[in-house]
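A.B. asks: Could you have a look at this structure, given as structure tokens, before my questions?
The values are calculated or read from the model by the stated rules, or taken from the named source; none is laboratory data. The structure presented is a predicted model; accordingly, all values stated were derived computationally and were not measured. Counting neighbours? That spans all protein chains shown, and the Cβs are built from the backbone with ideal geometry, glycine included. Remember, those area values only see protein heavy atoms, side chains included, never the ligands or the DNA or RNA. Shrake-Rupley method; radii C 1.70, N 1.55, O 1.52, S 1.80 Å.
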Amino acid sequence: MSDSVAVSIQRSVSVTIDGIEVAAPEGSSILQTCRSQGIDIPTLCYMETLTPVNTCRLCMVEVQGSRTLVPSCSRKIEPGMVVITNSDRVSESRKMVLELLASSVDMSIVSDELAGWMELYQVDKERFGPMAAPSSLGERETMRAGHHHKSDGSKAATVFEPVKIDNDQYVRDYSRCVLCYRCVEACGTDAQNTFAIALGGRGFEAHITTEFDVPLPESACVYCGNCVAVCPTSALMFKIEHDMRQDQSWDESRQTITRTVCPYCGVGCNLEIHTQDNKIVKVTSPLDHDVTEGMLCVKGRFGFEFING
Amino acid sequence: MDLRTSGKPASPEEIEAVESVISILERPTGTETDGKGSLDGRGIPFDNKGGHRDLLLPALHAIQERIGWISHGALDYLSLQLGVAPAETYGVASFYSMFSLEETPKTVIHVCDDIACRAAENGEPAAAMSGRWGAEGDGSGEVMWVRSPCLGRCEDGSAALVQRAGMPHRRILVAPLAADALAVELEKPVHDWANTESFRVPQRESDPSSLRLLKRVGVADPTSVDSYRSHGGYRALRRALEIGPDNVIREIKDSKLMGRGGAAFPTAIKWESVARNTARPHYFVCNADESEPGTFKDRVIMEQDPFAIVEGLTIAGYATGCEKGYIYVRGEYPLAEERLDHAIHEARSKGLLGNRIFDRDFDFDIELRRGAGAYIAGEETALFNSIEGKRAEPRNKPPFPAQAGLFQKPTGVNNVETLINVLEILEIGGLAFSNIGTPDSTGTRLFCLSGSVSEPGLYEAPFGIRLGELLDMAGGVSSPKSLKTVLLGGAAGSFVGPDQLDIALSFEGVRTAGATLGSGVVMVFDQDADLDQAILRIAQFFREESCGQCVPCRVGTARQEELVLRLSNNTVIGSRSDEIALLGNLATVMRESSICGLGQTAANAIESAFKLGLVRG
Ligand SMILES: Cc1cc2nc3c(=O)[nH]c(=O)nc-3n(C[C@H](O)[C@H](O)[C@H](O)COP(=O)(O)O)c2cc1C
Ligand code: SF4
Ligand code: SF4
Ligand code: SF4
Ligand code: FES
Ligand code: FES
């Protein structure tokens, strides 16, 4: 669940960030402390409503006394800590992490925030050479752990593979997957408690999967769509959006968003209804709402299909 | 939440295999099958916490051994019985290279394709296999073979692990590997298939009195606790029980013992922080997952002196307030596992494990766990996850194991070699121990010599011995060609040149030379050696063994392999110096931003090879 720091805050801790002394509540992460000071740190796997897994390594900062860089999203501040967020060392690492991702993953539909960071760090996705051809469906998923197709190195290996379309609610385009673990967390103890998906395989062939890669209808998935809501790179996308993008009718500039309360039960989840040309094209939930924190159930998320009829 | 499974049935054999591991558990009602193994878990309360999730890996082993692969039905059955989501069970099973998730021949041969064996076999240890058993991974016959990372038999120059499923099932480690001889072995009844047991400790003949850690190897019967005791065994534990836990830790502190698993951390500090932690219970884990390419020291100890490990772990448990210890042994080490298992049983039957050991107020027992083919599981926090039935993904530190380790409890963890040093310390006293070696690297060290030396094998020498002296102990370079380079510390270590033979092999000595002792690997290459091959293999190793959790290592190791390939094929993009610079940038991000030591060290050896001019820059 979300950080329950609010309960445990007793004291304030003094740290130095980029040469300026700041105080923040005990238990805060370096990231929270920086953001409260208006210091921008790029993040990818981190999300306020999920337990930090600190796997993307985009948010790295220098902490005096530490041999390596430190993930700001998960490291808690300590009294007297000296943090540097803007050195060349930090920038180089962030740029490289983004380039490693962009060279192996399709990052063409990402949040504005992430797109901004990619621009800021001047990400060159071809830095490691031309990208290798996509794998066939299921190829990456069935590789024996600790083995991989040997190449001659002339092409940069990618995670590209065909889109998985196996239900009417949402599609899984793992060519866009940066393996941030957010969907797995949202499907698991952080929200949904369904555990329909998990990490499978290992190393560069690691991937998000159901058991034996079965289609979603044969899995435990209940189509709450919470994984879709947390996915930062549109690897998980509602079917309507996917279809509209395919026929090029998706146009965010023509969309309006209306806030409402979900009519289905008494919980009172806030909904954001996205409409384009008088048709509901997506339902999301505001992150800042304390009942839902971005999460919904299948009825709220997909019930609109009955309205659209 | 309800657990949902596919409804695919498990066969009676699969159920039997799972039950052989978990039959003692109480299970929620509703998890019984209809007799045909068909079930659908809908309606069974389920929280994915699975109070006995730690039995997941043992049960997966049981299915793999009995059937030869893990079917959907078997996986569902196991998931349901343990209350773990099938997707997660699948995630665990697909993490390890010894589990097969598609139907596979009953006999699978894992052929070492790592640095030492490649060098010995002129780059292609697998050629003879293809001739006899078809292409790698071809499962159409009775036998399938696949490549494997180092199997810890580097001193023999080639090796294979054979996994045979069914009733009976068997795992054997053979070295040196000859396809013809192996084919003959595989014709025999399965229960007769034998490990090729060998240990090469040349000092045994030349200078036995120089051996402290290896003094019982080849002398005491590794299957007899009486033999162990008649060669000094259990004197250290007796002494420990006499002086009490605090004084044991004081002796360790006086000895200045540093961990031998690679990170060289002071053992006493670790023990002290576990002992002082007020949370209960405490656990102690012996890390016997030895998989660093070029390393075979722990295997020799496990196979030839297993009681020493049992005794060392018992002392560690005593000093740190544990009632339970674990030994996590590498899955590719069947004989080591057999000997340890036997030793634990013998010790238990003689009252040396269990309640009131030596009639004192001290209860301690040991559980043996087996890895399943993953180098990364040797990283201590990944190892905890593996025991807990999870993917062996390292955890971010802090918290450190002494705060929140196995099952989130205070945990001590030491390498096999570290633990047997404890016996020596208690026998001769911490201060006397600290006089061996150098002031900052005390005691003796085990060195794994392989490659182009006249007498490859396991050597023991006080810290501070010069690299050249050590090579002389092993008879010097074996071929008429002179020395080209030595790989120190394994794949995570670095190459040093023939002009560096006066490096003192101590923690501080190698650090000054920009190298590391790592797990004691000393792999020797003569002028004929193909270093392009060696560094390509190292690059492949890290790519294949990365857990895949963090970006710098998951993608970085793949890019590193591609770069090494381009440089060695001379198909560079831009200029060679551009590519070398890119390799350097990659090394930096892996070193600075990876979660664990695997990614942090994945570029070391390769960088050093370029720096020394061993491969064309
Ligand atoms: C990728 C990786 C693999 C490791 N493998 C082993 C291993 O096989 N055996 C071992 O004792 N330590 C291994 N370690 C080191 C352990 O994390 C840990 O430091 C060690 O077990 C502590 O024991 P020590 O203090 O006695 O050395 C590995 C570390 C890393 C990063
Ligand atoms: S839609 Fe809901 S239940 Fe299905 S995988 Fe996503 S989070 Fe899990
Ligand atoms: S599918 Fe999306 S949320 Fe899930 S790991 Fe991939 S990028 Fe992250
Ligand atoms: S450095 Fe590599 S092995 Fe270690 S956690 Fe990251 S991906 Fe896994
Ligand atoms: S945002 Fe911190 S590691 Fe991903
Ligand atoms: S056994 Fe082959 S390299 Fe170690």
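A.B. asks: Which three semi-axes in whole Å describe the equivalent ellipsoid of the protein assembly as shown, each the square root of 5 times a Cα gyration tensor eigenvalue, listed largest first?
C.D. replies: Taking √(5λ) for each Cα gyration eigenvalue gives 45, 32, 30 Å.
A.B. asks: Distance from the Cα centre of the stretch B:339-393 to that of the stretch A:250-300, in angstrom?
C.D. replies: One Cα centre to the other: 52 Å.
A.B. asks: Hey, another quick one. What are the radius of gyration and Dmax of the stretch A:1-155, computed over its Cα atoms and given in Å?
C.D. replies: Considering the stretch A:1-155 through its Cα atoms, Rg and Dmax are 18.6, 57 Å.
A.B. asks: For residue B:451, what residues show an amide H to amide H distance below 5 Å, using hydrogens built from the backbone and excluding near sequence neighbours?
C.D. replies: The list, which skips near neighbours in sequence, is B:524.
A.B. asks: Let me test this: with uniform point scatterers at the alpha carbons of the stretch B:531-611, what is the Debye-based log₁₀ I(q)/I(0) at q = 0.10 1/Å?
C.D. replies: Debye intensities relative to I(0), on a log10 scale: -0.19.
A.B. asks: Based on alpha-carbon centroids, what's the gap between the stretch B:176-247 and the stretch A:35-55 in Å, whole number please?
C.D. replies: 51
A.B. asks: Separate question: Place a +1 charge on the Cβ of each Lys and Arg in chain B and a -1 charge on the Cβ of each Asp and Glu, then give the dipole magnitude about the Cα centre in debye, rounded to the nearest 20.
C.D. replies: Roughly 1220 debye for chain B.
A.B. asks: Looking at the protein assembly as shown only, what percent of DSSP beta bridges run antiparallel? Nearest 5 please.
C.D. replies: Expressed as a percentage, antiparallel bridges in the protein assembly as shown total about 65.
A.B. asks: When only Cα pairs under 8 Å and 6 or more residues apart are kept, what is the percent relative contact order across chain B?
C.D. replies: 12
A.B. asks: Using θ = phi - 60° and the Karplus form 6.51 cos²θ - 1.76 cosθ + 1.60, what ³J(HN,Hα) does each residue of the stretch B:289-295 get, whole Hz, x for Gly and Pro?
C.D. replies: Once θ is set to phi - 60°, the couplings for the stretch B:289-295 become 8, 2, 9, 5, x, x, 9 Hz.
A.B. asks: Per DSSP H run of n ≥ 4, the term is -39500 (n - 2.57); total these for chain B, divide by its residue number, and report the mean residue ellipticity at 222 nm rounded to 500 deg cm²/dmol.
C.D. replies: After summing the helix terms and dividing by residue count, I get -11500 deg cm²/dmol.
A.B. asks: Would you please give the FRET efficiency between residue B:183 and residue A:150, computed as 1/(1 + (r/R0)^6) with r the Cβ-Cβ distance and R0 = 22 Å, to the nearest 0.05?
C.D. replies: For residue B:183 and residue A:150, the calculated efficiency is 0.25.
A.B. asks: Considering only Cα-Cα distances, which of the following residue pairs are longer than 22 Å: B:215/B:297; A:164/A:239; A:239/A:279; B:215/B:484?
C.D. replies: Beyond 22 Å between Cα atoms: B:215/B:484.
A.B. asks: Follow-up question, since we're still on this one. In debye, nearest 20: dipole of chain A around its Cα centre with unit charges on the Cβ of K, R (+) and D, E (-)?
C.D. replies: Using only the charged Cβ atoms, the result is roughly 440 debye.
A.B. asks: Another question about this same structure. Can you work out the Karplus-derived ³J(HN,Hα) for every residue in the stretch B:503-516? Use 6.51 cos²θ - 1.76 cosθ + 1.60 with θ = phi - 60°, whole Hz, and x for glycine or proline.
C.D. replies: After applying 6.51 cos²θ - 1.76 cosθ + 1.60, I find 4, 7, 7, 9, 4, 6, x, 6, 4, 4, 7, x, 10, 8 Hz.
A.B. asks: Going by amide H atoms built from the backbone, whose H comes under 5 Å of the H on residue A:61, apart from near neighbours?
C.D. replies: A:70, A:72
A.B. asks: Hey, what D do you get for the stretch B:444-526 in µm²/s if you plug the Kirkwood alpha-carbon radius into Stokes-Einstein at 25 °C and 0.890 mPa s?
C.D. replies: Translational diffusion coefficient: 202 µm²/s.
A.B. asks: Classify the stretch B:257-408 as rounded, prolate or oblate, taking a ≥ b ≥ c as the square roots of the eigenvalues of its Cα gyration tensor: rounded when a/c is under 1.5, otherwise prolate if a/b is larger than b/c and oblate if not.
C.D. replies: Since a/c reaches 1.5 but b/c is at least a/b, the shape of the stretch B:257-408 is classed as oblate.
A.B. asks: Between residue B:273 and residue B:581, take the C-beta separation as r, use R0 = 51 Å, and let me know the FRET efficiency to the nearest 0.05.
C.D. replies: Taking R0 as 51 Å, the efficiency between residue B:273 and residue B:581 is 0.75.
A.B. asks: Can you give the relative contact order of the stretch B:397-543 as a percent, counting alpha carbon pairs under 8 Å and 6+ residues apart?
C.D. replies: Value for the stretch B:397-543: 20 percent.
A.B. asks: Sorting check: for A:16-24, B:421-429, which peptide has the highest mean count of neighbouring beta carbons within 10 Å, and how do the rest follow?
C.D. replies: Taking the mean over residues of other Cβ atoms within 10 Å, the ranking is B:421-429, A:16-24.
A.B. asks: Further, regarding this structure: Give me the lysines in straight-line cross-link reach of residue B:390: C-alpha distance below 19 Å, same-chain residues under 8 apart excluded.
C.D. replies: Of all the lysines, those that pass the test against residue B:390 - Cα under 19 Å, at least 8 places apart if same chain - are B:49, B:409.
A.B. asks: So, one more: Enumerate the lysines that residue A:150 could reach by cross-link, defined here as Cα to Cα under 24 Å, with residues fewer than 8 away along the same chain left out.
C.D. replies: Straight-line reach from residue A:150, under 24 Å: A:125.
A.B. asks: Straight-line reach from residue A:76: which aspartates and glutamates fall under 15 Å, measuring Cα to Cα and dropping same-chain residues less than 8 apart?
C.D. replies: Excluding near neighbours in sequence, the set is A:3, A:26, A:48, A:62.
A.B. asks: If you take each beta carbon of peptide A:57-68 and count the beta carbons of other chains within 10 angstrom, what is the mean?
C.D. replies: Neighbouring Cβ atoms belonging to other protein chains average 3 per residue here.
A.B. asks: Which value, in debye to the nearest 20, gives the size of the charge dipole of the stretch B:107-192 about its Cα centre, when Lys and Arg are +1 and Asp and Glu are -1 at the Cβ?
C.D. replies: 260
A.B. asks: Please list, ordered by chain and number, the residues whose modelled amide H lies under 5 Å from the amide H of residue B:368; skip anything fewer than 5 residues away on the same chain.
C.D. replies: So residue B:368 has HN proximity to B:327.
A.B. asks: In sequence order, what are the phi-derived ³J(HN,Hα) couplings for the stretch A:70-87 according to the Karplus relation 6.51 cos²θ - 1.76 cosθ + 1.60 with θ = phi - 60°, rounded to whole Hz, with x for glycine and proline?
C.D. replies: 10, x, 5, 5, 10, 7, 7, 6, 10, x, x, 4, 10, 10, 10, 10, 10, 7
A.B. asks: OK, next. Please report, to one decimal in angstroms, the Kirkwood hydrodynamic radius of the stretch A:158-308 built from all distinct Cα-Cα pairs.
C.D. replies: 16.0
A.B. asks: Set Lys and Arg Cβ to +1 and Asp and Glu Cβ to -1, take the dipole of the stretch A:74-225 about its Cα centre, and tell me which of A:120, A:91, A:188 lies farthest positive.
C.D. replies: A:91
A.B. asks: In whole Å, how far is the Cα centre of the stretch B:410-442 from that of the stretch A:164-191?
C.D. replies: Their Cα centres are 49 Å away from one another.
A.B. asks: Further question: For residue B:501, what accessible area in Å² do you get when you roll a 1.4 Å probe over the heavy atoms of the protein chains, rounding to the nearest 10?
C.D. replies: For residue B:501, the solvent-accessible surface is approximately 60 Å².
A.B. asks: For chain B, what proportion of DSSP beta bridges, expressed in % and rounded to the nearest 5, is antiparallel?
C.D. replies: 50
A.B. asks: Among B:274-284, B:347-357, how do they line up from the highest to the lowest mean number of other beta-carbon atoms within 10 Å?
C.D. replies: Packing proxy ranking, top to bottom: B:274-284, B:347-357.
A.B. asks: Tell me, what is the 1.4 Å probe accessible area of residue A:158, in Å² to the nearest 10?
C.D. replies: Surface open to solvent at residue A:158 totals about 10 Å².
A.B. asks: Next question. Roughly what % of Cα-Cα distances in chain B sit above 48 Å, to the whole percent?
C.D. replies: So the portion of pairs separated by more than 48 Å is 10 percent.
A.B. asks: Here's a follow-up. Counting only C-alpha contacts under 8 Å and six or more residues apart, can you give the relative contact order of the stretch B:531-611 as a whole percent?
C.D. replies: RCO, the stretch B:531-611: 35 percent.
A.B. asks: Would you kindly find the accessible area of residue B:133, with a 1.4 Å probe and non-protein molecules such as ligands, DNA and RNA excluded, rounding to the nearest 10 Å²?
C.D. replies: Answer for residue B:133: close to 40 Å² accessible.
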